[in-house]
1. What does the helix-only formula give at 222 nm for the chain: each DSSP H stretch with n ≥ 4 adding -39500 (n - 2.57), the total divided by the residues, and the result rounded to the nearest 500 deg cm²/dmol?
2. How charged is the neighbourhood of V336? Take every other residue with its Cβ under 11 Å from the Cβ of V336, and add Lys/Arg as +1 and Asp/Glu as -1.
3. Give me the one-decimal nm value for the distance between modelled label points at K310 and S104, 7 Å along each residue's Cα-to-Cβ direction.
4. May I ask you to evaluate 6.51 cos²θ - 1.76 cosθ + 1.60, the Karplus curve with θ = phi - 60°, for each residue of region 155-167 and list the ³J(HN,Hα) values in order in whole Hz, giving x for glycine and proline?
5. Take every DSSP beta bridge whose two residues both sit in the chain, then give the antiparallel share in percent to the nearest 5.
6. Long-range amide H contacts for I544: which residues qualify at under 5 Å (H placed 1.01 Å from N, peptide plane, sequence gap of 5 or more or a different chain)?
7. Explain nothing, just the number: relative contact order of region 215-310, from Cα pairs under 8 Å at least 6 residues apart, as a whole percent.
8. So if each residue of separation counts as 0.36 nm, and I subtract the Cα-Cα distance between E566 and C210, what length gain in nm does that give?
Amino acid sequence: MFKISTPKPPSYSLMASKTEIQIQPDPPPPPNSGDPRAIYARAIRTHSADRSLHNHLITLCSKSTPSSFPLRLFSQISIPNVVSWTALISSQSNTLAALRHFISMLRHPTSPNQRTFATLFKTCASLSFLSFGLSLHSLSLKLGLSSEPYSGSALIHFYSKCGMPVYARKVLDEIPQRDRDAVCYGAAIVGLAQNSRPIDALSAFADMKCRDVASSMYTVSGALRAAAELAALEQCRIIHTHVVVMGLDGNVVVGTSLLDAYGKSGMVCDARQVFDESNSLGGSLVGCNAMLAAYAQQGDKDSALELFYKMEGRGLVPDEYSFLAILMCLGNAGLVLETDWWLKRMKADYGLEPVLEHYTCLVGAMGRAGQLEDAERAAMTIPIAPDAAVWRTLLTCAAYHKSPDLARSMAKRLLEIDPQDDSAYVIVANVLSSAGKWDEVAEVRMMMKDRRVKKEGGRSWIEVRGEVHVFLAGDRRHQRIDEIYAKVAELMEGIEKLGYVPLPNEMLHGVGEQEKKEALWYHSEKLAVAFGVVSAPPGKPLRIVKNLRICRDCHEAFKYMCWLLEREIIVRDVNRYHIFSNGRCNCGEMW
Ligand code: ZN
Ligand code: ZN
């Protein structure tokens, strides 16, 4: 049988002595054997029972023939070997039949090799068969095949697909360093990035570069996705240089990821430069959509519209994503008529049926424009059942326009969907308190307490010299924490002199004055800004990312801080970009 140069499995009873039939490895397939029909015809003519020919034929036929055909060919092999079995399993990969064939193979019995496992892991990933995949992992581990590069990459993919990034990372670490190739790294980097493990993804990418493994378009776009999630601009620039050096800059997938990463890092000009310099992005719908999304995130409707018309001029057919970007720009600007017109145009000119996200933009436009009743009516009458995002949009608008009635009913709807939705309680309590409805505020607080609602921990980070520093509220773990706390105190005292007044936080009712103040001082985003001030090169904007909405107090404080520090503070929160300069924010208090 095929000897695989792996450590001998300790003791494995399934692989009984019957498998030790001495079969020579298959010779390479005959030359000029491209057309499966020709090979099959020859096999029939010569009554050939040549196994390697049949194995080859199964592999060739699998994609284009009925599923029974590979099985028929397989049954003609008198002594199928691991290659025959693997070919049969591959011919029906991503179906239950592949797993059934594997069980027959073990009964036969024949030892699987790393290619067999690779196919099976891919099948379990696509069918989301977690438990079968775990059993396969155990078996491959016993056979010493889980750390082979081919099966290992598929296993990493399987764990990533099942939302288990820690296991995926562990499998990568178990593959011997000399065997880790671009495929292994690609599976790990993409998997970690897709599972919101951007820091781990970037560290795997750095590890890969250290070991001189050549990048592929997968590794690079995975790393860019991670950098985009962190809005880690310096990482984007480092990867960009690497892309150029590796000659991957002409690739559409890489170009789109690069553009997207710059856009999500708030550098629309850099995104545009990538777009303009590429030969392929401007002519591709994905490229244009990525550029439109970057404009939408900044709320730059003029540039978005200009690009949209250019796209149409070039004969590109916009899709629902192109329209969504336009509608988001218009909706965020509160332009009701325009939003409505573009929503109709989508269907009239391109036959595209709007989905809930498109309608949400219209509801948001009305709400932002202060037409609260119309917005609520629109939400009730759109052809698709509204989801939490629609109610949240209305709640935000109610908060901005200080409408306790709408806020109350929207919070009620949100809490029906998720009683643990902490932001719904906080926003409605703030609206009620600014309307002086103290009894109701107390009621909301009680409800939160009764239902044991926990506020999701705020997390903010800042990238300094290519390194990402993460802060939680009241965090004391950073090595320079004393310096950071001293800087926060200095900044807060400084802005108080400029006229900043801490915003009342009704959720902290009944807490002592000093505690109340400090609860505001050491918010994660303020710690990140203070760290930026003590460590980042002076002059350049401070760029912070937060996992939640920026809080009202920090928003207020940063307007003064950018003034005090004479530098821009850019915050990307979960909804949008806030650019603080000269004492104001570009969001116009609406977020
Ligand atoms: Zn805050
Ligand atoms: Zn803002």
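1. -19000 deg cm²/dmol, from helical runs alone.
2. -2
3. So the two model labels end up 5.8 nm from each other.
4. 5, 4, 4, 4, 5, 5, 4, 8, x, 10, x, 5, 5
5. Bridges in the chain that DSSP calls antiparallel: roughly 80 percent.
6. I570, V571, R572
7. 24
8. 124.3 nm
The values are calculated or read from the model by the stated rules, or taken from the named source; none is laboratory data. Keep in mind that this is a model prediction, so the values were computed, not measured. We place every Cβ from the backbone using ideal geometry, glycine too, and count neighbours over all the protein chains shown. When the accessible area is computed, the model is the full protein with side chains, heavy atoms only, and any ligands, DNA or RNA have been set aside. Shrake-Rupley method; radii C 1.70, N 1.55, O 1.52, S 1.80 Å.
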